[in-house]
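One structure is given here, and the rest of the page talks about it.
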Amino acid sequence: MTSDDLPIGRRVASWRVRRSMTQQMLADRLRRSKSWVDKIERGARPLDRYSVIQEVAHVLRVDPGVLLGQPRSTPAGTPDGVDDIRAALARYDTPQAPPQTDELRRQVGHAWLAYQHAHYGQLVRVVPGLLDAAQGARSPELLVQAYRITSSLLVKLGEADLAWLAADRAMAAAGDDPTLAATATIAVAQALRAANRDPLALTATQTAANRLLPPPSRPGDHEVGGFDGDQSARQPHDHRAAGQRGVGLRPAGEWAVGGALLLQAALAAAGCGEDRRADELIGRAAGIAAGLRGYDDTHRTSFGPIAVELARVVVAAVRGDAVEAVRRHAIAVRREGWRRLPAEHRGAYLVDAARAYLQVGDLRGAARALVDADSVAPAEVRCRPLARTLIAEVARGHPAPAGVARLATLVGLTR
């Protein structure tokens with residue numbers, strides 16, 4: 001077995017020894033437990049989040065590609081132009097001639113469509129100009145949307161810290177508007193989770209959800225974290241949702257934003273190892289989703305019953321219950337509403353499903369999920385560092401499953 005054929009955990013162990021570090025020393029520098037390092041090195045716990053791989057590589061003073069078994073000449077899959085986005089975020093001067101609001105709204109709508117269709121290369125070219133225009137328009141709504149698009153795109157491209165900056169700008173632009181602030185918090189949570197800061201993401205999303213949604217109706221409940229699965233008393237209705245405790249009617253779009261926050265909180269809770277809280281949060285989100293029918297997704301959350309089911313799959317995989325994740329996945333993708341989700345959402349989810357298949361040792365299932373993701377949203381597979389990590393793992397199978405060898409060639413992983 002060559003060094004390129006070694007599992008990633010074995011490479012971590014090898015480089016740790018070469019750096020004269022004990023497992024405890026590596027754990028301390030990563031701010032993790034020795035048990036975590038031991039499980040990673042033995043392959044008992046997957047090391048499949050690119051942000052974590054970057055942290056480990058930084059401590060071991062190697063390139064992330066070395067841990068992934070990639071040759072140093074591997075071309076990057078990230079579209080050119082991230083530096084232009086960084087420069088746009090670094091500009092603080094307001095344009096002298098503010099753009100027409102209607103034209104800017106059209107540009108923002110076009111950018112959202114490009115994102116939802118996973119046209120990331122196109123977005124990288126568009127975003128710098130969009131940010132300049134939005135900063136000059138002085139419209140909080142459009143500025144928040146422009147920063148959200150930017151943050152979401154940067155998460156896809158593996159630029160978590162820069163995504164966090166853009167999301168923080170969205171929060172600042174939202175001001176005192178609770179709905180705008182809640183939509184911005186969705187971007188904050190995605191950036192924090194991508195940066196492996198799940199506890200911060202959990203705090204941010206729970207705080208925002210508690211501000212936007214009515215308080216729990218049962219005395220024993222404790223805000224969003226205390227929901228016990230009783231969905232009947234808190235389901236909104238078509239288009240307008242009944243409030244609780246005198247809150248009154250609220251638009252269905254606000255419920256969708258709140259539901260999306262709960263799903264982000266559940267994913268963050270799973271990342272923190274708080275399994276019970278993750279289940280409670282998803283349970284409450286399911287109650288909201290069950291009452292939402294026939295509304296326009298004005299806040300671009302893609303929230304609904306199918307989004308809740310997909311989140312259950314990802315949460316199961318994050319907590320290490322890959323068998324349950326794979327079982328739920330097979331059901332979820334056959335449900336009504338799956339094909340109505342944006343291509344970006346489906347493609348990103350299929351990459352997560354591939355991780356679950358890898359955890360149970362099903363290389364063919366992982367390969368099938370990656371190939372399906374490539375057919376739905378090619379940029380999700382060809383641009384995202386996480387997908388490249390998974391392709392590399394699957395491609396090392398002997399023989400590599402059908403379709404993955406082609407993907408490996410497309411993303412520059414063929415040895």
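The values are calculated or read from the model by the stated rules, or taken from the named source; none is laboratory data. This is a predicted model, so every value here is computed, not measured. Positions of Cβ are generated from backbone atoms using ideal geometry, with glycine treated the same way; all protein chains shown enter the neighbour counts. We work out accessible area using only protein heavy atoms, side chains counted, and drop any ligands, DNA or RNA first. Shrake-Rupley method; radii C 1.70, N 1.55, O 1.52, S 1.80 Å.
When region 142-171 is filtered for residues that are part of a helix (DSSP H, G or I) and small (G, A, S), the ones remaining, listed by number, are A146, S151, S152, A160, A163, A166, A167, A170.
Of all residues in region 105-128, exactly one satisfies the criterion of being outside any helix (DSSP H, G or I) and either open to solvent by less than 20 Å² (accessible area, probe 1.4 Å) or under 14 Å from Y147 (Cα atoms) (or both), namely A118. Scanning region 307-327 for residues that are over 14 Å from A278 (Cβ atoms) and either open to solvent by 10 Å² or more (accessible area, probe 1.4 Å) or in contact with a strand residue (DSSP E or B) (Cβ under 6 Å, 6 or more places away or on another chain) (or both) gives E309, V323, V326, R327. Residues of region 375-391 that are open to solvent by less than 10 Å² (accessible area, probe 1.4 Å) and not polar (S, T, N, Q): A377, E380, V381, A387, L390, I391.
Restricting attention to region 385-392, does a residue exist that is hydroxyl-bearing (S, T, Y), under 28 Å from E55 (Cα atoms) and under 22 Å from the mean Cα position of the chain (by Cα)? Within region 385-392, one or more residues are hydroxyl-bearing (S, T, Y), under 28 Å from E55 (Cα atoms) and under 22 Å from the mean Cα position of the chain (by Cα).
With respect to (1) more than 17 Å from L262 (Cβ to Cβ); (2) open to solvent by 50 Å² or more (accessible area, probe 1.4 Å); (3) not aromatic (F, W, Y), the lone exception for R300 is condition (1). Residue pairs whose Cβ atoms lie under 7 Å apart, sitting 6 or more positions apart in sequence or on different chains, and linking a residue in region 1-19 that is charged (D, E, K, R) and open to solvent by less than 20 Å² (accessible area, probe 1.4 Å) to a partner that is part of a helix (DSSP H, G or I) and at pLDDT below 90, are R11/L67. Taken as a whole, the condition of being crowded, with 24+ Cβ neighbours inside 10 Å, farther than 24 Å from L386 by Cα and more than 14 Å from the chain's Cα centre (by Cα) does not apply to T179.
Taking the listed residues D93, D102, D80, the one that is modelled with pLDDT under 90, open to solvent by 50 Å² or more (accessible area, probe 1.4 Å), out of contact with any Gly (no Cβ under 9 Å at 6 or more places or on another chain) and part of a loop (DSSP other than H, G, I, E, B) is D93, with no other qualifying. Which one is farthest from K156 (Cα to Cα) among residues in region 328-347 that are open to solvent by 60 Å² or more (accessible area, probe 1.4 Å) and assigned to a helix (DSSP H, G or I)? Step by step, filter region 328-347, then rank; the result is I331.
Out of the residues in region 194-217 that are buried (at least 23 other Cβ atoms within 10 Å of the Cβ) and under 14 Å from the mean Cα position of the chain (by Cα), state the one that is nearest to Y115 (Cα to Cα). Among them, the one singled out is A194. Among residues of region 172-216 being assigned to a loop (DSSP other than H, G, I, E, B) and of a type in the set (A, V, I, L, M), the one that is modelled with the highest pLDDT is A195. Checked against (1) in a helix (DSSP H, G or I); (2) in contact with an Asp or Glu (Cβ under 9 Å, 6 or more places away or on another chain); (3) in contact (Cβ under 8 Å) with a residue 24 or more places away in the chain; (4) basic (K, R), R277 meets all criteria but (2).
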